[in-house]
Amino acid sequence: MRKIFKYILDLKTRQVIEMPSDAEILCAQMQKGDICIWAAANPEMATQNKIIRIFGTGGEMECTSPLSYIGTVQNLGDSLIWHVFLEE
C-alpha cells in the first residue's frame, strides 16, 4: 500500500536521498524553515538513491545530467528563493 512520506533536505546543491524505488515525488515546500519534499511510495519496495539538486535564483545550474523540476520554495523569513530538481 502506498503512503506519503516527507524528506527534509539539506541546503546544498547536490544530495542523495534514499527512498522506495517506486517513489513519485509530489512537491517541494518550506516547512518550519526546512526545505522538504513529499513523495508517494510503497514502503515495502526496495529502496534506491535519488539525487536531489537545489539551485538558488540567479545561480548557475552546474549539472550535466537531465533534471526534472520538483518545485520552487521560499523562506518567508528572508528573500532567498530555491528551485528543487530531481537528477535523472
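Being among the acidic types (Asp, Glu), at pLDDT below 95, surrounded by fewer than 16 Cβ atoms within 10 Å (Cβ to Cβ) and out of contact with any helix residue (DSSP H, G or I) (no Cβ under 7 Å at 6 or more places or on another chain), is that true of even one residue in the stretch 11-20?
Scanning the stretch 11-20, I find no residue that is among the acidic types (Asp, Glu), at pLDDT below 95, surrounded by fewer than 16 Cβ atoms within 10 Å (Cβ to Cβ) and out of contact with any helix residue (DSSP H, G or I) (no Cβ under 7 Å at 6 or more places or on another chain), so the answer is no.
Out of the stretch 46-86, which residues are free of Cβ contacts under 8 Å to residues at least 24 places away in the same chain and within 19 Å of Gly33 (Cβ to Cβ)?
Asp78, Ser79
So that you can scan it fast, the table gives a plain yes or no per residue for (1) surrounded by 12 or more Cβ atoms within 10 Å (Cβ to Cβ); (2) touching a His at 6+ places or on another chain (Cβ under 8 Å):
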| site | (1), (2) |
| --- | --- |
| Met30 | yes, no |
| Cys36 | yes, no |
| Glu44 | no, no |
| Gly56 | yes, yes |
| Met61 | no, no |
| Leu67 | yes, no |
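Taking into account only those residues within the stretch 51-75 that are in contact with an Asp or Glu (Cβ under 9 Å, 6 or more places away or on another chain) and aliphatic (A, V, I, L, M), which is farthest from Gln31 (Cα to Cα)?
Of the residues in the stretch 51-75, the ones in contact with an Asp or Glu (Cβ under 9 Å, 6 or more places away or on another chain) are 51-55, 63, 65-68.
Cutting the leftovers down to aliphatic (A, V, I, L, M) gives us 51-52, 54, 67.
Values: Ile51: 21, Ile52: 17, Ile54: 16, Leu67: 24 Å.
Step by step, filter the stretch 51-75, then rank; the result is Leu67.
Any residue at all in the stretch 25-32 that is outside any strand (DSSP E or B) and touching a residue at least 40 places away in the same chain (Cβ under 8 Å)?
no
The values are calculated or read from the model by the stated rules, or taken from the named source; none is laboratory data. Keep in mind that what you see is a predicted model, and the values were worked out from it rather than measured. As a convention, Cβ positions derive from the backbone with ideal geometry for all residues, glycine included, and neighbour counts pool all protein chains shown.
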